[in-house]
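Written below as structure tokens is the structure these notes are about.
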There are 2 protein chains.
Amino acid sequence: MINWNNLDTTIAYKELFDVAPVNLAEVMAGENGADRVKKYSVPMAAGMAFNYAAKQVDEDVLAALAKLAEEMQLAEKFEALYNGAVINTGEKRMVLHHMTRGQLGQAVVADGVDKRSFYVEQQQKIAELANKVHNGEITNAAGEKFTTVVQIGIGGSDLGPRAMYLALENWAKVNDTFKMEAKFISNVDPDDAAGVLATIDVEHSIFVLVSKSGTTLETLTNESFVKDALKNAGLDPSKHMIAVTSETSPLAKSDDYLAAFFMDDYIGGRYSSTSGVGGAVLSLAFGPEVFAQFLEGAAAEDKLAQNKDILANPAMLDALIGVYERNVLGYQTTAVLPYSQALSRFPAHLQQADMESNGKSVNRFGEPVNYVTGPVIFGEPGTNGQHSFYQLLHQGTDIIPLQFIGFKNSQMGRDVVIQDSTSQQKLSANVVAQIVAFACGKEDADRNKYFAGGRPSSIIVGEQLTPAALGALLSHFENKIMYQGFVWNLNSFDQEGVQLGKVLAKKVLAHDTDGALKAYSDLLNI
Amino acid sequence: MINWNNLDTTIAYKELFDVAPVNLAEVMAGENGADRVKKYSVPMAAGMAFNYAAKQVDEDVLAALAKLAEEMQLAEKFEALYNGAVINTGEKRMVLHHMTRGQLGQAVVADGVDKRSFYVEQQQKIAELANKVHNGEITNAAGEKFTTVVQIGIGGSDLGPRAMYLALENWAKVNDTFKMEAKFISNVDPDDAAGVLATIDVEHSIFVLVSKSGTTLETLTNESFVKDALKNAGLDPSKHMIAVTSETSPLAKSDDYLAAFFMDDYIGGRYSSTSGVGGAVLSLAFGPEVFAQFLEGAAAEDKLAQNKDILANPAMLDALIGVYERNVLGYQTTAVLPYSQALSRFPAHLQQADMESNGKSVNRFGEPVNYVTGPVIFGEPGTNGQHSFYQLLHQGTDIIPLQFIGFKNSQMGRDVVIQDSTSQQKLSANVVAQIVAFACGKEDADRNKYFAGGRPSSIIVGEQLTPAALGALLSHFENKIMYQGFVWNLNSFDQEGVQLGKVLAKKVLAHDTDGALKAYSDLLNI
């Protein structure tokens, strides 16, 4: 029997406040620090590890967090989720994105079909299409191969797939699996579509229209923009477009598309990278095998997220430490800092995944909660961030918890030795240096050169950013967010906060306004 | 006589806490809201306006802020700055970036030269080089024109110039001033340089190496990477590279470069977009005339920042409202949300400009301050952000102040009518709707669909994102940051917080480590 209760009703939460806080600079000094680095590590899939040595935890804090996990039945809640419980209470839906990459529990039947089979079938259909495009069975009207794939989508239909594409683009190039360049059109700003169209050869481009409902205004507008460009080039749009949508959407059976692939209401947009939403563009860009490896990495990491022992469950542990930082230590923001240029847009994807899931003030039953919930998430790749906002992270007046990601090897293997080290060694040396600098600080009589330290971070370390490693990373953060939602007792799978803006925008466009809405409309000449 | 004093020593600051806070949802309702939109607006350069109707201010708050500006001598401090006072107390340097685009006050002579003349001379030399590249006087060894310019730099030598390039790329294309595509290499991650090199034709590429000191390790490493690629292609690197550096740097007189252009110690990296750091790449990409228009826009906005009346000084007013939000209302983060895809990296530039300038805990004399300083800055373009993190902005447990930017017209002029409106109208309607939704909220018996409102925002509205408008925008935010630094009594122009990481990274690379530093080095196989 699962008890869905608010964080502040638990005994373990109250006890967390009684545990002595950890002095990070102190515990990370000397050999004790080295011991922590060796000990405070949890294996992840694809040869990675989640190292939390530089977080403000010790045995007492971890014991209290384990108690919280048990009292809040976190593993049981995940089990209920993947076995098909209606976890999305607001929209009364199941939450099945894990099933796009594996079967963690029992079979789930909905809409008359086994859902795992349904997702596998869609993946296979996409693979068939991608192979036909790659081998020239499907071509443009002139019989020439498509060279570019352009995804048209916004939010979850854009951020995740785009971040994953950028993460694997160079890996695919050096591993001879790079098939087609991908581009993305998302913003309703007409300069977005016009700008992308100015850089591609539409005659050799295939477009992937992604909208679950088939009614997303931004996406339909951009589709129209692209269709006009195709027609102006004397081309038949229906020979250049595929759709990823739900079976009940107006796009599903339309002759306007070469093919349509399906998702369903149990896959939230921000959790759709492993469904056809990411599958079509990634399979076209890199081949279906690469997309399959990506799914395997995610599936392996999902399995780890089932562990009841928080010390063997990196996602749950990461989630609990985050809650401790947010609700007990009072930190408001979290930075995600991948030391990998390929992950340049991974923080932007997590920004949506996290902030849209847990940026809420009511619990899963619609009752206001009395504690803070999801933090602000931001980040840029290191070393770039070091030359940008790290000043504030080191010496600002607020403490910002950090999540580093680093790899032992680069993706492309091209490197140069300057001052006796490779670029990859410099990159890794920098993330190591930063973790210790943030944790330990530095005394200095000149207060301008003094570093207080005590600034917590974790690092996920991997061998190389491969498709499997990327899948595992994605799963880790998705499951971390899910577990934090469970702790805060939120429904992490709806997004009612985006509705009001949509309603008011329609009123503005219909000139059905008064007061400030009218005055701002005048200001912008609408 | 200027008194450099801490914020909490002023009378006006204490009085600010006594002013009744504004109930934003209440004052923005009905015709009062419309009146605020019309009244709470300050003209900016290039036909823009800073509208702060949806900020938590009223006549009383504004009066208190005006008093604070006067008591803290903000305008006088700016005057001292542009007249050559040593404002960068830590490094004992003047702060002259305004002079790269105009002469606000008296002549400033340093290093034996009039600084305004020096910056103009560099701009002219860059213009000459750019014209020669464009008209084919300077070519590759085969006598063919260069088609691509690649900036090699990090931090301020990357973020600002990159954001400005992206902001004007499409504008230049439709205004027939687009000369060369620009690319950027910044990260020491070898995949960054290798990835960019994989997408360009090095034979027709000219590289701009940017490092003030000439010793930035990331940049020199990437230079070496690029030189190897040029040599491997049988090319002479010295015929493909120019340098932007200080006159005393090792790069200044080197035969390794086609030409060298100079900046100096009075231009901080994050304030260098209007110097040769931005000038070389932007003049090559778009022509010197476009860069000159950009400077004119910045110069015009700088002039407005001289006004003592806060209601006629958008940068100072914006700064003061931000301080009120940060120190009195207690908000920790600020989001920058341009409704313009062209400004996609403008928030990332502001993230550096703001967080590196004011993310400090000691005042300009090196004494700890007893109040919070610079906020975390993040942002993405609208409408994309709406489908991402706006959920938290609307319904999260923390209030995040917002800075919108919008334009009446798109840059490229290509558009499509769907459901009776253009994309540009939809874009503008969305920003209008968001401002009102954030401010006013919405009652709903279903708490999951309830919006509390009271979430403050401002908007900068312009006709179109032209080079002049972009310059004005950049100036606005630079001067806002400067004024906030004055209020917090910080030295906004050094960055001692980046030093410790550099020192420790060197130790790691030299294997001169123990404790946690050694353990993390082992973890990453360094």
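In summary, strands (runs of 3 or more DSSP E) completely within the range B:199-275 and bearing 2 or more residues that are touching a helix residue (DSSP H, G or I) at 6+ places or on another chain (Cβ under 6 Å) and surrounded by fewer than 24 Cβ atoms within 10 Å (Cβ to Cβ) occur at B:259-263.
Table: residues versus (1) crowded, with 18+ Cβ neighbours inside 10 Å; (2) over 20 Å from A:Pro401 (Cα atoms).
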position	(1), (2)
A:Glu26	no, no
A:Lys39	no, yes
A:Val42	yes, no
A:Asn51	yes, no
A:Leu65	yes, no
A:Tyr82	yes, yes
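The number of residues in the range A:215-245 that are more than 14 Å from chain B (Cβ to nearest Cβ) and either in contact (Cβ under 8 Å) with a residue 60 or more places away in the chain or within 17 Å of B:His387 (Cβ to Cβ) (or both) comes to 7. When you check A:Val95 against the structure, is it free of Cβ contacts under 8 Å to residues at least 12 places away in the same chain, in contact with a strand residue (DSSP E or B) (Cβ under 8 Å, 6 or more places away or on another chain) and within 30 Å of B:Asp446 (Cβ to Cβ), yes or no? Considered against the rule, which asks whether it is free of Cβ contacts under 8 Å to residues at least 12 places away in the same chain, in contact with a strand residue (DSSP E or B) (Cβ under 8 Å, 6 or more places away or on another chain) and within 30 Å of B:Asp446 (Cβ to Cβ), A:Val95 comes out as no.
Among the residues of the range B:268-307, write down those that are assigned by TED's automatic domain parsing to the domain that holds B:Thr139, touching a strand residue (DSSP E or B) at 6+ places or on another chain (Cβ under 9 Å) and aliphatic (A, V, I, L, M). Listed by number, the residues that qualify are B:Val277, B:Ala280, B:Val281, B:Leu282, B:Leu284, B:Ala285. Once the range B:179-198 is narrowed to residues that are closer than 29 Å to B:Ile267 by Cα, of a type in the set (Gly, Ala, Ser) and without any contact (Cβ under 8 Å) to a residue 60 or more places away in the chain, the residue that is surrounded by the fewest Cβ atoms within 10 Å (Cβ to Cβ) is B:Ser186. Among the conditions (1) in contact (Cβ under 8 Å) with a residue 24 or more places away in the chain; (2) within 21 Å of A:Pro288 (Cα to Cα); (3) surrounded by fewer than 20 Cβ atoms within 10 Å (Cβ to Cβ), the only one that A:Glu128 does not satisfy is (1). Residues in the range B:12-63 that are of a type in the set (Asp, Glu) and either assigned to a helix (DSSP H, G or I) or modelled with pLDDT under 95 (or both): B:Glu15, B:Glu26, B:Glu31, B:Asp35, B:Glu59, B:Asp60. Of the residues making up the range B:280-328, those that are surrounded by fewer than 24 Cβ atoms within 10 Å (Cβ to Cβ) and outside any helix (DSSP H, G or I) are B:Gly287, B:Gln306, B:Asn307, B:Lys308, B:Asp309.
Conditions (1) buried (at least 22 other Cβ atoms within 10 Å of the Cβ); (2) under 23 Å from B:Pro381 (Cβ atoms); (3) touching a Leu at 6+ places or on another chain (Cβ under 7 Å); (4) among the polar types (S, T, N, Q), marked per residue:
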site	(1), (2), (3), (4)
B:Gln411	yes, yes, yes, yes
B:Val416	no, yes, no, no
B:Val432	yes, yes, yes, no
B:Phe438	yes, yes, yes, no
B:Gly441	no, no, no, no
B:Ser458	yes, yes, no, yes
B:Glu463	no, yes, no, no
B:Val487	yes, no, yes, no
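Per the conditions (1) at the interface with chain B (Cβ under 7 Å from one of its Cβ atoms); (2) of a type outside the set (A, V, I, L, M); (3) free of Cβ contacts under 8 Å to residues at least 24 places away in the same chain, the sole criterion not satisfied by A:Asn430 is (3). For the range A:443-456, a residue qualifies if it is in a loop (DSSP other than H, G, I, E, B) and crowded, with 21+ Cβ neighbours inside 10 Å, and the qualifying residues are A:Gly453, A:Arg455, A:Pro456. Of the residues making up the range B:362-408, those that are more than 7 Å from chain A (Cβ to nearest Cβ), crowded, with 24+ Cβ neighbours inside 10 Å and of a type in the set (Val, Ile, Thr) number 2. Take the range A:148-206 and flag every residue that is among the hydrophobic types (A, V, I, L, M, F, W, C), in contact with a strand residue (DSSP E or B) (Cβ under 6 Å, 6 or more places away or on another chain) and within 12 Å of chain B (Cβ to nearest Cβ). Within the range A:148-206, A:Phe184, A:Ile185, A:Ala193, A:Val196 meet the criteria.
Just to check your reading of the model, which residue among B:Leu473, B:Leu465 is more than 8 Å from chain A (Cβ to nearest Cβ) and in a loop (DSSP other than H, G, I, E, B)? Of B:Leu473, B:Leu465, the one residue that is more than 8 Å from chain A (Cβ to nearest Cβ) and in a loop (DSSP other than H, G, I, E, B) is B:Leu465. Does B:Lys132 fit the bill of being basic (Lys, Arg) and assigned to a loop (DSSP other than H, G, I, E, B)? Against the criterion (basic (Lys, Arg) and assigned to a loop (DSSP other than H, G, I, E, B)), B:Lys132 does not qualify. Can you work out which of the residues in the range B:340-350 that are within 7 Å of another protein chain (Cβ to nearest Cβ) and touching a residue at least 60 places away in the same chain (Cβ under 8 Å) is farthest from B:Leu427 (Cα to Cα)? Per the criteria, the residue is B:Ala348. Inside the range A:506-515, residues that are within 7 Å of chain B (Cβ to nearest Cβ) and either modelled with pLDDT under 95 or in contact with an Asp or Glu (Cβ under 9 Å, 6 or more places away or on another chain) (or both) make up a count of 2.
Taking the range A:160-198 as the range and being of a type in the set (Lys, Arg) and not in a loop (DSSP other than H, G, I, E, B) as the test, the residues that pass are A:Arg162, A:Lys173, A:Lys183.
Kindly establish whether A:Leu159 is closer than 15 Å to A:Arg270 by Cα and within 24 Å of the chain's Cα centre (by Cα). Yes. Apart from one condition, A:Ala66 fits all of (1) under 17 Å from A:Leu304 (Cβ atoms); (2) within 14 Å of chain B (Cβ to nearest Cβ); the exception is (2).
Residue-level analysis places A:Gly501 among those that are facing chain B (nearest Cβ under 8 Å), without any contact (Cβ under 8 Å) to a residue 12 or more places away in the chain, in a helix (DSSP H, G or I) and within 27 Å of A:Gly359 (Cα to Cα). Taking the criterion of being free of Cβ contacts under 8 Å to residues at least 24 places away in the same chain, surrounded by 13 or more Cβ atoms within 10 Å (Cβ to Cβ) and under 19 Å from A:Ala298 (Cα atoms), the only residue of the range A:100-114 that qualifies is A:Gln103. What's the total number of residues in the range A:409-418 that are outside any strand (DSSP E or B), over 22 Å from the mean Cα position of the chain (by Cα) and facing another protein chain (nearest Cβ under 7 Å)? Number satisfying all stated conditions: 4.
For B:Gly102, the conditions (1) assigned to a loop (DSSP other than H, G, I, E, B); (2) in the same structural domain as B:Pro338 (by TED's automatic domain parsing) all hold with the exception of (2).
The values are calculated or read from the model by the stated rules, or taken from the named source; none is laboratory data. No experiment lies behind these values; they were computed from the predicted model shown. Here the Cβ is made from the backbone with ideal geometry for all residues, glycine too, and neighbour counts use every protein chain on show.
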